[in-house]
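Q: Have a look at this one before I ask anything.
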Amino acid sequence: MNSYPLFINGQFIETAKKQNIINPSTGKVIAEASLASPKELELGLASAREAFDSGPWPRLSLLERREFISRIGQGILDNAADLAQLETSNSGKPIKETTFMDIPSSAEAFEFAAHNFINYLASEEIKVCEDARANLLREPMGVTTLIVPWNYPLLIACWKLASALACGNTVILKPSSLTPLTALELAKIVRQAGLPDGVVNVINGSGSLVGESLCADKRIDMVSFTGSNETGKKIIQYSSKNVKKMTMELGGKSAGIVFDDVDLDVAVNSCLTSIFLNQGQMCTAMSRIFVQEAIYEQFLAAFTEKAKRIKLGPAEDFQTQMGPLINDAQRKKVIAGIEKARAEGVKVVCGGKIPDIAELKNGYFFEPTVLANVGAGAHIFKEEVFGPVALINKFSSSDEAAILANNADFGLAACIWSKDLPRARDLAGRINAGTVWINTYGMFYNQLPYGGFKQSGFGKELGREGMLEYSRLKNVILDQSPEGKPLVNYWYGF
Ligand code: NAD
């Protein structure tokens with residue numbers, strides 16, 4: 001069985017304490033991963049700090065850093081098939097998704113950082129008056145902790161890592177202890193790319209045990225977190241102890257809005273993808289679908305009929321359309337959400353149970369589920385389920401759609417489906433979410449910043465703004481007035 005060590009200060013470190021890694025499709029152990037103890041945490045913190053304070057990385061020219069970053073992207077591409085297999089067997093994400101989405105997009109994050117960050121990080125000179133000018137310098141934040149969730153283990157790690165490295169930071173990357181394998185494999189690629197020791201450290205450990213040390217320690221300058229609201233709130237508390245820079249990418253309860261002028265097949269197919277991809281375990285899952293009343297019944301019938309046809313199976317099979325949930329605990333959480341909805345009078349139109357398929361009985365599978373006419377008072381209308389559960393509701397007008405979509409504590413994303421583009425754009429402007437897709441779903445572009453409003457967090461990933469989160473702006477002011485500085489020089493009249 002493969003064993004995955006931690007990566008600290010350029011060394012692979014096997015720890016005494018290990019954790020079994022389970023394949024969610026089969027429930028079987030596929031590998032073991034080292035778990036950090038306070039000793040390895042201390043090594044990681046010290047090495048990242050030392051690499052920042054005294055090592056070459058932050059002092060390299062942008063062009064030099066670019067070479068290393070580009071090599072990581074290439075390393076991912078060179079190992080793409082193996083990484084896709086590994087991600088799939090660790091996370092249960094269908095192999096079609098890891099092969100065509102997660103792994104190539106992970107490589108692209110480094111390519112983008114390597115080729116665009118120079119433009120973003122260039123210093124700027126501002127002439128403020130006749131004799132004074134300022135240089136605005138973009139410096140790295142310092143030592144950054146990057147904490148990632150289990151639903152996009154490699155991709156989210158790469159978004160964060162590429163930006164943090166491009167800006168010249170050193171890094172402690174903490175994958176979810178449920179899905180650490182691709183991040184630990186990425187450490188090998190980082191090493192092959194020749195980055196100086198201590199610049200990237202990958203430390204696996206349960207968040208509740210290692211999280212506070214990685215967020216509250218004074219040696220850390222920034223925490224970039226993606227995960228649940230519950231954990232996000234704890235991290236805000238830890239980080240506030242010494243006022244660190246933070247970015248928070250948290251949960252969602254996003255709305256897909258379908259107007260009655262759509263091509264029904266296109267809208268139904270796309271809405272299915274927008275909630276059932278990755279078994280609905282997506283922060284941007286369109287878990288609340290609002291359909292204009294004239295086509296509501298037709299839409300619900302077509303959506304339900306197709307939801308029933310989604311092919312469940314082992315994530316490793318290219319024919320599989322829906323794999324297992326990440327573990328039994330997550331499945332129980334989904335079931336509890338549905339049971340609560342049932343108790344509140346919500347109608348389960350299809351799914352809502354564990355599939356009765358002998359070959360799948362050891363995995364954590366769950367049927368695609370459709371709930372209809374869910375009142376805004378039901379808990380499931382507002383709470384994130386993080387599973388394959390679609391709510392399908394009716395709306396009459398744009399105004400009502402805006403009210404329904406905004407009726408959530410989250411504000412991560414939304415989708416609008418309509419041929420009337422002025423109407424769709426107008427509605428997009430009224431939706432309280434950081435990303436609104438019109439006639440598409442889930443398109444993340446490296447050029448575009450991504451991040452939520454309200455309790456979906458703050459700060460951005462990707463794009464110019466996302467990359468600059470990992471830098472700090474220094475203002476150096478130079479006064480060249482011939483007589484010295486009139487105001488400060490003569491203030492006391494000496
Ligand atoms: P989680 O909050 O349980 O865990 C996320 C990470 O935090 C993991 O690495 C975990 O080990 C770590 N962690 C747990 N407790 C910690 C603590 N006390 N201190 C520090 N770190 C700790 O989230 P999850 O279940 O892995 O992921 C699902 C959640 O992530 C969902 O709510 C989803 O919406 C959200 N998510 C958001 C985005 C986004 O971009 N907004 C993207 C993906 C996932």
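Q: From P153, P180, grab the single residue that is in the same structural domain as F117 (by TED's automatic domain parsing), crowded, with 21+ Cβ neighbours inside 10 Å and farther than 22 Å from G463 by Cα.
A: Testing whether each residue is in the same structural domain as F117 (by TED's automatic domain parsing), crowded, with 21+ Cβ neighbours inside 10 Å and farther than 22 Å from G463 by Cα leaves just P180.
Q: Here is a follow-up. Are any residues in segment 151-172 within 24 Å of T99 (Cβ to Cβ) and touching a helix residue (DSSP H, G or I) at 6+ places or on another chain (Cβ under 6 Å), and if so, which ones?
A: The answer is P153, L154, L155, A157, C158, W159, A162.
Q: Got a sec? Which of L487, L478, L473, L462 is among the hydrophobic types (A, V, I, L, M, F, W, C) and within 19 Å of T226 (Cβ to Cβ)?
A: After ruling out the rest, the residue left standing is L462.
Q: Taking P5 and the conditions (1) under 20 Å from A193 (Cβ atoms); (2) over 26 Å from the mean Cα position of the chain (by Cα), which numbered condition does it fall short on, given that it satisfies the others?
A: (2)
Q: Turning to a different aspect of this structure: Which condition number does A408 fail, the rest of (1) part of a helix (DSSP H, G or I); (2) of a type in the set (A, V, I, L, M, F, W, C); (3) surrounded by 18 or more Cβ atoms within 10 Å (Cβ to Cβ) being met?
A: Among (1) part of a helix (DSSP H, G or I); (2) of a type in the set (A, V, I, L, M, F, W, C); (3) surrounded by 18 or more Cβ atoms within 10 Å (Cβ to Cβ), the lone unmet condition for A408 is (1).
Q: Within segment 350-383, how many residues are β-branched (V, I, T), more than 15 Å from Q279 (Cα to Cα) and out of contact with any Phe, Trp or Tyr (no Cβ under 9 Å at 6 or more places or on another chain)?
A: Adding up the residues that qualify gives 1.
Q: Let me confirm something: among L272, L277, L264, which residue is of a type outside the set (D, E), within 16 Å of the ligand (Cβ to nearest atom) and surrounded by fewer than 24 Cβ atoms within 10 Å (Cβ to Cβ)?
A: The match here is L277.
Q: Which ones in segment 53-80 are open to solvent by 70 Å² or more (accessible area, probe 1.4 Å) and small (G, A, S)?
A: S54, the sole residue that qualifies.
Q: Look through segment 186-209, keep the residues that are over 19 Å from the mean Cα position of the chain (by Cα) and over 26 Å from S54 (Cα atoms), and return whichever of them is farthest from the ligand (Cβ to nearest atom).
A: Ranking the qualifying residues of segment 186-209, first place goes to L209.
Q: Can you report the number of residues in segment 87-134 which are at positive phi and open to solvent by 10 Å² or more (accessible area, probe 1.4 Å)?
A: Summing the residues that are at positive phi and open to solvent by 10 Å² or more (accessible area, probe 1.4 Å) in segment 87-134 gives 0.
Condition check ((1) touching a residue at least 40 places away in the same chain (Cβ under 8 Å); (2) within 22 Å of T98 (Cα to Cα); (3) charged (D, E, K, R); (4) surrounded by fewer than 21 Cβ atoms within 10 Å (Cβ to Cβ)) across all residues:
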| position | (1), (2), (3), (4) |
| --- | --- |
| F290 | yes, no, no, no |
| A301 | no, no, no, yes |
| E305 | no, no, yes, yes |
| K311 | no, yes, yes, yes |
| D317 | yes, yes, yes, yes |
| N327 | yes, yes, no, yes |
| K333 | yes, no, yes, yes |
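Q: Let me ask another. Anything in segment 210-259 that is more than 12 Å from the ligand (Cβ to nearest atom) and part of a helix (DSSP H, G or I)? List them, or say none.
A: Across segment 210-259, the qualifying residue is only S240.
Q: So, one more: I'm trying to understand the selection: among the residues of segment 155-183, which are touching a strand residue (DSSP E or B) at 6+ places or on another chain (Cβ under 8 Å) and away from the ligand (no atom under 13 Å from the Cβ)?
A: L161, S163, A164, L165, C167, G168, N169, T170, V171, L181 - these are the residues of segment 155-183 that are touching a strand residue (DSSP E or B) at 6+ places or on another chain (Cβ under 8 Å) and away from the ligand (no atom under 13 Å from the Cβ).
Q: Go through K340, K308 for me and flag whichever is in contact with a strand residue (DSSP E or B) (Cβ under 9 Å, 6 or more places away or on another chain) and more than 23 Å from P149 (Cβ to Cβ).
A: K308
Q: Can you pull out the residues in segment 469-494 that are over 25 Å from S123 (Cβ atoms) and either at pLDDT 90 or above or in a loop (DSSP other than H, G, I, E, B) (or both)?
A: P482, E483, G484, W491, Y492, G493, F494
Q: Regarding G466, is this residue in a helix (DSSP H, G or I), surrounded by 15 or more Cβ atoms within 10 Å (Cβ to Cβ) and either away from the ligand (no atom under 16 Å from the Cβ) or in contact (Cβ under 8 Å) with a residue 12 or more places away in the chain (or both)?
A: Yes: the conditions hold for G466.
Q: Do we have C215 as among the hydrophobic types (A, V, I, L, M, F, W, C), touching a Phe, Trp or Tyr at 6+ places or on another chain (Cβ under 7 Å) and more than 30 Å from N439 (Cβ to Cβ) here?
A: Yes, satisfied.
The values are calculated or read from the model by the stated rules, or taken from the named source; none is laboratory data. Worth saying up front: this structure is predicted, and the values here are computed from it rather than measured. Every residue, glycine among them, receives a Cβ derived from its backbone with ideal geometry; neighbour counts consider all protein chains shown. For the accessible areas, the whole protein counts, side chains as well, though only heavy atoms, and no ligand, DNA or RNA atoms are used. Shrake-Rupley method; radii C 1.70, N 1.55, O 1.52, S 1.80 Å.
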